[in-house]
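J.: One structure is given below, represented as structure tokens, and several questions about it will come after.
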Amino acid sequence: MAEEELPGVLILDIGGTHGVLEDLAALLKKHFRLITMKEFLENKKEMSTKIQSVFVFECRPTIDQELLESLPNLKVIGNSGVGVDHLDLKMISNFGVKVTNTPHAVADPTADIGVALMLASARRLVEGCQIAVSPDTKYFAVDWLGVEVTRATLGIIGMGSIGYKVAQRARAFDMRILYHNRNRRRKEEEEAVGARYCEKMADLLQQSDFVMVVVNLTPETRKLIGKKELGLMKPTATLINISRGAVIDQDALVEALQNKVIRAAAVDVTYPEPLPRDHPLLKLNNIIITPHIGTATVQAMRMMAEEAIANILAVLNGQPIPSEVFPK
Ligand SMILES: O=C(O)[C@H](O)CO
């Protein structure tokens with residue numbers, strides 16, 4: 001089919017996206033006529049009726065009412081990534097537009113980053129690296145010790161598909177695994193990863209050496225971990241967040257880390273992203289912060305794009321939609 005005849009997809013990206021958009025373009029071009037935001041804004045009149053779908057790159061850019069009003073033929077917003085907290089699902093659905101996400105592509109790489117953060121924090125890799133590369137280092141000696149993850153207790157808050165992959169990986173470290181969920185998983189699934197259900201999150205917080213937060217950001221999970229929850233954790237425990245920054249009360253986290261209420265934190269997500277350069281979290285040495293890189297791998301980007309494309313095509317062709325997200 002000639003490019004002109006393909007359904008138009010508007011690409012919404014956050015700019016500076018590690019040059020990957022160029023690679024994805026080839027994939028998208030097989031099915032769509034690609035329209036960048038720049039092209040759209042420069043030629044709104046001609047472009048607006050051609051656009052039937054929006055491809056949202058990496059879960060970050062939002063879609064406002066003005067954009068929706070200017071796209072009369074829009075049918076679907078294909079989010080590449082699982083979290084859709086940046087989208088106003090109710091407003092979008094009022095326009096008769098569907099939203100889809102990519103839960104399968106993100107599970108392995110996000111679980112990997114959770115485990116990487118747990119190990120890096122436990123063994124103080126960032127501090128070690130700083131010593132190794134510092135021009136002031138004359139000989140290798142550290143005046144601190146890490147802790148081991150092997151046989152430690154890991155508490156997973158939010159055992160969905162990412163949390164489950166974390167549990168699978170944690171088994172390789174002989175970790176004792178606890179989890180807290182709104183809905184308990186099936187017995188066979190618990191047994192397969194050797195995980196024990198904690199009906200009360202407090203029990204998990206009190207018993208865990210590492211607490212990993214993997215929930216979606218919703219009104220119910222906003223500030224799920226605050227001063228009270230941090231106070232329940234062991235002073236030797238580490239908090240890991242691979243979900244969304246706003247799930248943790250960041251002021252309470254600063255206080256907890258400054259006062260050694262908990263040992264350390266390791267987070268791939270903050271609120272906002274990036275943190276203001278004078279934010280107190282950036283001044284602490286018992287936290288590791290990475291720039292929301294849970295899915296920043298060559299493989300994940302490709303898989304997310306493929307999953308998003310399949311979702312978008314299903315909507316446009318009136319077929320069953322693999323991963324639709326509904327407003328609550
Ligand atoms: O929600 C997700 O899948 C990730 O955060 C995308 O970057």
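J.: Compare the peptides 109-122, 226-239, 147-160, 32-45 by average per-residue count of other Cβ atoms within 10 angstrom and give them in order, highest first. Walk me through the numbers before you get to the answer.
T.: Working: 109-122: 22.8, 226-239: 18.4, 147-160: 20.4, 32-45: 14.7.
Sorting 109-122, 226-239, 147-160, 32-45 by mean packing, highest first, produces 109-122, 147-160, 226-239, 32-45.
J.: Determine, for each peptide in 246-256, 134-144, the mean count of other beta carbons within 10 angstrom over its residues, then list the peptides with the highest first.
T.: Those peptides, ordered most packed to least, come out 246-256, 134-144.
J.: Can you show me the helix-derived [θ] at 222 nm for the chain, built from DSSP H runs with n ≥ 4 at -39,500 (n - 2.57) apiece and divided by the number of residues, rounded to the nearest 500. Could the numbers behind the result be given before it?
T.: Values: 13 runs with 120 residues, N = 328.
When only DSSP H runs of four or more count, the value is -10500 deg cm²/dmol.
J.: Report the gain in length on full extension from Met91 to Asn285: 0.36 nm times residue separation, minus Cα-Cα distance, nm rounded to one decimal.
T.: On the way: separation 194, 0.36 × 194 = 69.84 nm, distance 4.17 nm.
Gain on stretching Met91 to Asn285: 65.7 nm.
J.: While we're looking at this one, here's another question. Please get the size of the charge dipole for the stretch 83-171, origin at its Cα centre, with Cβ charges of +1 on Lys and Arg and -1 on Asp and Glu, quoted in debye to the nearest 20.
T.: It comes to approximately 300 debye.
J.: Taking every DSSP beta bridge that has both residues in the chain, what percent is antiparallel when rounded to the nearest 5?
T.: Details: 2 of 42 bridges.
Around 5 percent of the beta bridges assigned by DSSP in the chain are antiparallel ones.
J.: Taking the chain as the reference, fit the longest principal axis to its C-alpha atoms, fit the long axis of helix 103-122 to the helix C-alpha atoms, and give the angle between the two in degrees, 0 to 90, nearest 10.
T.: 30
J.: Given a Förster distance of 45 Å, report the FRET efficiency between Arg176 and Lys44 from their Cβ-Cβ distance, rounded to the nearest 0.05.
T.: Working: r = 57 Å, r/R0 = 1.27.
The value I calculate is 0.20.
J.: Compute the separation of the alpha-carbon centres of the stretch 74-106 and the stretch 22-68 and state it in Å as a whole number.
T.: Answer, in whole Å: 14.
J.: Hey, what did the stretch 199-300 get for relative contact order, percent, Cα under 8 Å, at least 6 apart? Walk me through the numbers on the way to the answer.
T.: Details: 161 pairs, mean separation 25.1, N = 102.
About 25 percent, as a whole number.
J.: Among Val214, Thr290, Leu230, whose Cα projects farthest towards the positive end of the dipole of the stretch 185-328, with charges put on the beta-carbon of Lys, Arg (+1) and Asp, Glu (-1)?
T.: Leu230
J.: I would also like to ask the following. Want the number for Arg196 to Glu220: 0.36 nm per residue separation, take away the alpha-carbon distance, what's left? If you can, show how the numbers build up before the last one.
T.: Values: separation 24, 0.36 × 24 = 8.64 nm, distance 2.32 nm.
Stretched out fully, the Arg196 to Glu220 stretch lengthens by 6.3 nm.
J.: Starting from 0.36 nm per residue, how many nanometres of slack lie between Glu127 and Asp251 once their C-alpha separation is accounted for? Please report the intermediate quantities before stating the final value.
T.: Values: separation 124, 0.36 × 124 = 44.64 nm, distance 2.35 nm.
Difference between extended and current length: 42.3 nm.
J.: Still on this structure, I have one more. Which listed residue (Val149, Asn183, Leu125) has the Cα farthest towards the positive end of the charge dipole for the stretch 98-210, taking +1 on Lys and Arg C-beta and -1 on Asp and Glu C-beta about the Cα centre?
T.: It is Asn183, whose Cα lies furthest towards the positive end.
J.: What's the lysine pair count for the stretch 28-106 at a Cα cut-off below 23 Å, pairs eight or more apart or interchain?
T.: 20
J.: Given the Cα atoms of the stretch 112-155, and with Rh set as the inverse mean 1/r over their pairs in the Kirkwood sense, what is Rg to Rh to two decimals?
T.: Values: Rg = 12.7 Å, Rh = 11.8 Å.
Rg divided by Rh gives 1.07.
J.: What distance in nm lies between label points placed 7 Å from Cα along the C-beta direction at Met37 and Asn73?
T.: Between Met37 and Asn73, the simple spin-label model gives 2.3 nm.
J.: Calculate log10 I(q)/I(0) of the stretch 174-305 for q = 0.19 Å⁻¹, where I(q) comes from the Debye formula with a single equal point scatterer on each Cα and nothing for solvent.
T.: -1.15
J.: If the only charges are +1 at each Lys and Arg Cβ and -1 at each Asp and Glu Cβ, what is the size of the charge dipole of the chain around the Cα centre, to the nearest 20 debye?
T.: The dipole magnitude comes to about 900 debye.
J.: With each label point set 7 Å from Cα along the Cα-Cβ vector, what nm distance links Asp64 and Lys227?
T.: Spacing of the two 7 Å Cα→Cβ label points: 3.5 nm.
J.: Peptides 166-172, 75-81, 177-183: what's the order by average Cβ count within 10 Å, highest mean first?
T.: Numbers: 166-172: 19.9, 75-81: 25.9, 177-183: 17.9.
Most protected by this proxy first, the peptides run 75-81, 166-172, 177-183.
J.: Please determine, in degrees from 0 to 90 and to the nearest 10, the orientation of helix 161-171 with respect to the longest principal axis defined by the Cα atoms of the chain, where the helix direction is its Cα long axis.
T.: Around 30 degrees separate the two axes.
Laboratory data are not the source of any read-out in this text; all were calculated from the coordinates shown. Just so it is clear, the structure is predicted and the values come from calculations on it, not from any experiment. Heads up, the Cβs are rebuilt from the backbone with ideal geometry, glycines too, and the neighbour counts pull from every protein chain shown.
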